[in-house]
Amino acid sequence: MKITILGTGTSQGVPLVGCKCEVCTSPDPKDKRLRVSVYIQTDEGTNILIDCSPDLRQQLLKNKITDIDAVLVTHEHNDHIIGLDDLRPINFMQRKEMPMYALPRVIKDIRDRFKYIFAENPYPGTPLISTIPIEKDELKIESVKISCIKYLHGMLPILGYKIGDFAYITDIKSITEEEKQKLLGLKVLIISALRPQEHFAHMNLEEALAFVQEIQPKTTYLTHMGHNIGTHAHLLDSLPANVFPAFDGQVLTI
Ligand SMILES: [Zn+2]
Ligand SMILES: [Zn+2]
């Protein structure tokens, strides 16, 4: 399985518009964090996108992505869905509807916000998306088995996804013991760690590291990072062994 990390930034991205801090002005390309999304190429040959970030167009271009069989959505916040319209050229190349999986509440929200896509007689050239509500803990896309991991983003119940030994958990604040059990024995975990300061809807760095310590994945990559978490280089130095800050364009092979 090959995972391409398309974006690692929090909702406003890094650099933050107008900010002159050390991170936002850093010349290191690893300090340029687009909004979060990952692209997964499974051993079965199924290609899955998780979330449609506001930066989706440039992420598809940069990483030369032309083939997406399905989209999994974690939740309805803008930084995770608003790039949906950028799937049009892929639809055009594939000449088929792209299935999009999400919680029923999230699908309702997406259909409201993208009315023109889901209208009875859509404008010619709008994205070809079919929505599939996730109602069980397990789902199958082509022959790929996916476990849905339930957790809270502040008060909002959202989903992370586990495929084989890999899990993608973003925008997490808290999780039940039962769901935590599903994350034991991972080879690779990608988890959000917003910043050092507390946040009502996100784990801060300390909380994310405590969680990693509990579930002990072999390797962990941090994502959804704000500018206040520091530069990639500084953060890398301060993290425990086997925990790394992810960076845009990073490719992991599992
Ligand atoms: Zn987010
Ligand atoms: Zn969010």
Tell me which residues, restricted to segment 60-96, are more than 24 Å from residue 109 (Cβ to Cβ), assigned to a helix (DSSP H, G or I) and in contact (Cβ under 8 Å) with a residue 60 or more places away in the chain.
62
Collect the residues in segment 22-58 that are away from ligand 2 (no atom under 16 Å from the Cβ), among the polar types (S, T, N, Q) and under 20 Å from residue 188 (Cβ atoms), keeping them in residue-number order.
41, 42, 46, 47
For segment 184-192, does any single residue satisfy the condition of being touching a residue at least 40 places away in the same chain (Cβ under 8 Å) and farther than 18 Å from residue 35 by Cα?
yes
Elements of type strands (runs of 3 or more DSSP E) contained in segment 133-181, each with 1 or more residues being open to solvent by 10 Å² or more (accessible area, probe 1.4 Å), under 21 Å from residue 98 (Cβ atoms) and free of Cβ contacts under 8 Å to residues at least 12 places away in the same chain:
138-141
Can you name the residue in segment 1-38 that is within 16 Å of ligand 1 (Cβ to nearest atom) and over 20 Å from residue 75 (Cβ atoms) and is also nearest to the chain's Cα centre (by Cα) among such residues?
14
Looking across segment 66-88 at residues that are within 16 Å of ligand 2 (Cβ to nearest atom) and not aliphatic (A, V, I, L, M), the single one that is surrounded by the most Cβ atoms within 10 Å (Cβ to Cβ) is 74
Residue under evaluation residue 91, criteria (1) away from ligand 1 (no atom under 16 Å from the Cβ); (2) open to solvent by 10 Å² or more (accessible area, probe 1.4 Å); (3) not hydrophobic (A, V, I, L, M, F, W, C), criterion not met
(2)
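The values are calculated or read from the model by the stated rules, or taken from the named source; none is laboratory data. Since the structure is predicted, the reported quantities are computational estimates derived from the model, not experimental observations. Counting neighbours? That spans all protein chains shown, and the Cβs are built from the backbone with ideal geometry, glycine included. To get the accessible areas, we keep the full protein, side chains included, count just its heavy atoms, and leave off ligands, DNA and RNA. Shrake-Rupley method; radii C 1.70, N 1.55, O 1.52, S 1.80 Å.
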